[in-house]
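First up is the structure itself, then whatever we jot down about it.
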Amino acid sequence: MIRLILTNILLFSILVLAQQTVTLSVEDCIRIGKENSKTLKISKSKVIQSEAKLAETDANLYPSLKLTAGYTRLSDVGKPDFGPAGASIAKAFSPILDNYSTKITLSQPIFTGFRLSSTSEISEYNKLATEKEYEKDEKQLILEIRNSYWTLYRAIMLKENIQQNIKMIEAHLEDVENYKKNGLATDNEVLKVKVQLSNTKLLLIDAENAIEMSMLALNSLIGLPLSTKIVLKDKPEFLSLEQYDNNANILNALNTREEIVSMKYRLEAANSAINLAKSGWYPQIFFFADYIYSNPNQRYFPQKKEFKGSWDFGITLSFDLWNWLLPKHQTIQAEMQYEQLKQSYELLKDQINLEVVQNYQNMIKMYEKIKVTQEAKEQARLNHKITSEKFKAGLISNSELIDAETSLLQADINYSLAIADYEFAKAKYLKSIGK
């Protein structure tokens with residue numbers, strides 16, 4: 001019995017969770033989406049990785065301290081034979097079979113042909129580029145969430161418009177059927193309205209499916225369970241077209257867009273890579289210092305079975321006298337990589353310039369579309385009102401009222417879609433100018 005009760009509670013909990021309803025604004029969706037985005041988490045891990053890489057390369061610029069210790073057991077090969085007169089000497093050279101050693105080494109690069117500094121610069125620029133790429137991914141996610149939000153809004157408005165139109169058609173059908181009873185309408189006229197009603201209900205099914213698909217897409221994008229029902233808190237507040245200085249915005253985008261800034265850092269890294277390749281032409285100079293504490297210490301004579309310390313320091317120099325012009329080939333590769341990035345940078349600037357202009361023109365067209373559809377909506381509503389009154393007065397045919405109802409539905413749909421399209425067009429434009 002208890003098991004059955006627990007099972008029922010569990011099923012009820014699952015059902016409640018499956019039917020979870022949340023009311024969200026655009027900003028709510030953006031906040032939730034940023035918290036749950038796997039893409040942003042991957043991008044953030046790349047930033048952390050680049051920071052660790054920079055710390056690793058910078059560590060090579062500083063002194064390093066290394067400890068080595070060991071124990072060695074030697075085989076007993078006997079004492080050296082110096083003859084009868086060398087007994088005392090042989091005693092001094094008695095082998096010590098147990099050897100213990102401890103060594104601390106300090107090493108500091110003095111000159112590496114700019115190899116270490118160039119490597120550090122590459123890591124620094126790559127880190128900065130990765131941070132900008134994270135910001136780019138974040139803004140792209142925000143744009144996608146806004147688009148998904150307004151796509152859901154469009155689907156909801158489409159459904160509401162169709163439902164309103166169905167109510168009008170049902171009222172129309174009721175009038176026609178009454179006219180038929182009184183001999184004022186034919187069976188054919190009744191059938192026409194019924195066909196219109198059936199076709200509109202089919203549109204309603206498509207609209208409901210569009211809502212479900214749009215809600216699934218938004219839930220997936222912001223990381224909520226797919227079964228979550230989202231109630232939209234925001235609605236477009238269309239007032240007037242905001243004024244923008246597009247020429248200034250293009251210049252701003254070409255200097256501040258994350259892609260541009262990231263590419264600039266990549267170019268700097270590629271330039272440092274050229275210096276890194278050239279470092280092969282230079283000698284490598286290092287300072288070192290050792291402290292040795294061992295038993296026996298080889299520096300002392302005669303050797304004794306006891307721990308003693310000793311030290312040394314010096315400078316080492318290494319230089320490749322001939323390596324088949326390896327640095328030259330590496331430098332050419334680095335220069336060509338730099339040239340490729342430079343051309344990619346110029347290409348990116350052209351693409352951003354085109355994107356800003358296109359998005360600006362599209363936003364203006366969406367604004368104009370709203371004005372046209374708003375006017376068409378008012379005209380269609382007035383036309384439907386007049387046509388409906390004439391139909392009731394017996395002045396026009398049933399077909400003309402059907403046409404008026406169809407026109408009104410299309411006008412309502414066009415206006416709702418135009419507002420949502422403007423919101424998305426504005427969001428795309430703001431993203432393209434780096435805002």
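The values are calculated or read from the model by the stated rules, or taken from the named source; none is laboratory data. These figures come from a predicted structure and were not determined experimentally. Note that we place each Cβ from the backbone using ideal geometry, even for glycine, and neighbour counts take in every protein chain shown. To get the accessible areas, we keep the full protein, side chains included, count just its heavy atoms, and leave off ligands, DNA and RNA. Shrake-Rupley method; radii C 1.70, N 1.55, O 1.52, S 1.80 Å.
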Quiz item: Between TYR282 and SER344, what length in nm is gained on full extension when 0.36 nm per residue of separation is reduced by their alpha carbon distance?
Solution: 19.2 nm
Self-check item: Apportionment of accessible area to carbon and sulfur, the range 148-254, percent (1.4 Å)
Solution: 53 percent
Exercise. Assuming R0 = 35 Å, can you tell me the calculated FRET efficiency for the pair ASP312 and ALA55, based on Cβ-Cβ distance, to the nearest 0.05?
Key: 0.65
Practice problem: Place a +1 charge on the Cβ of each Lys and Arg in the range 311-369 and a -1 charge on the Cβ of each Asp and Glu, then give the dipole magnitude about the Cα centre in debye, rounded to the nearest 20. | Solution: 320 debye
Quiz item: Which ³J(HN,Hα) values, rounded to whole Hz and listed in residue order, are derived for the range 419-435 from phi using the Karplus coefficients 6.51, -1.76 and 1.60 in 6.51 cos²θ - 1.76 cosθ + 1.60 with θ = phi - 60°, glycine and proline given as x?
Solution: 5, 5, 5, 5, 4, 5, 4, 5, 5, 5, 5, 4, 5, 5, 9, x, 10
Quiz item: In angstroms, what radius of gyration and Dmax does the chain have, counting Cα atoms only?
Solution: 40.3, 152
Quiz item: Picking from GLY280, GLN340, MET157, whose Cα lies most toward the positive end of the charge dipole for the chain (charges on Cβ: Lys, Arg +1; Asp, Glu -1)?
Solution: GLY280
Quiz item: Based on the mean of other beta carbon atoms within 10 Å per residue, what is the order of 313-320, 386-393, 182-189, most packed first?
Solution: 386-393, 182-189, 313-320
Quiz item: Packing-wise, with mean Cβ within 10 Å as the measure, how do 158-170, 282-294 rank, highest first?
Solution: 158-170, 282-294
Quiz item: What spacing in nm lies between the two simple spin-label points modelled at VAL195 and GLN337, each 7 Å away from Cα in the Cβ direction?
Solution: 7.0 nm
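With a 1.4 Å probe and all protein chains left in place, how much accessible area per residue does the range 235-339 have, in Å²?
Working: 6910 Å² over 105 residues.
For the range 235-339, the per-residue accessible area is 66 Å².
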Exercise. Please tell me the relative contact order of the chain in percent, rounded to the nearest whole number, where contacts are Cα pairs under 8 Å and at least six residues apart.
Key: 23 percent
Quiz prompt | the range 284-327 versus the range 92-125: alpha-carbon centroid distance in Å | solution = 9 Å
Quiz item: Can you pull out the trypsin sites (Lys or Arg not before Pro) in the range 235-342 that DSSP calls coil and that have at most 13 other Cβ atoms within 10 Å?
Solution: ARG299, LYS304, LYS305
Quiz item: Under a point-charge model restricted to the Cβ atoms of Lys and Arg (+1) and Asp and Glu (-1), what is the dipole moment magnitude of the range 156-255 relative to its Cα centre, in debye to the nearest 20?
Solution: 280 debye
Practice problem: Could you order TRP281, TRP311, TRP324, TRP150 so the one with the most accessible surface comes first? Probe is 1.4 Å. | Solution: TRP324, TRP311, TRP281, TRP150
Exercise. Determine, from the Cβ-Cβ distance of ILE386 and ASP206 and an R0 of 22 Å, the FRET efficiency 1/(1 + (r/R0)^6), rounded to the nearest 0.05.
Key: 0.15
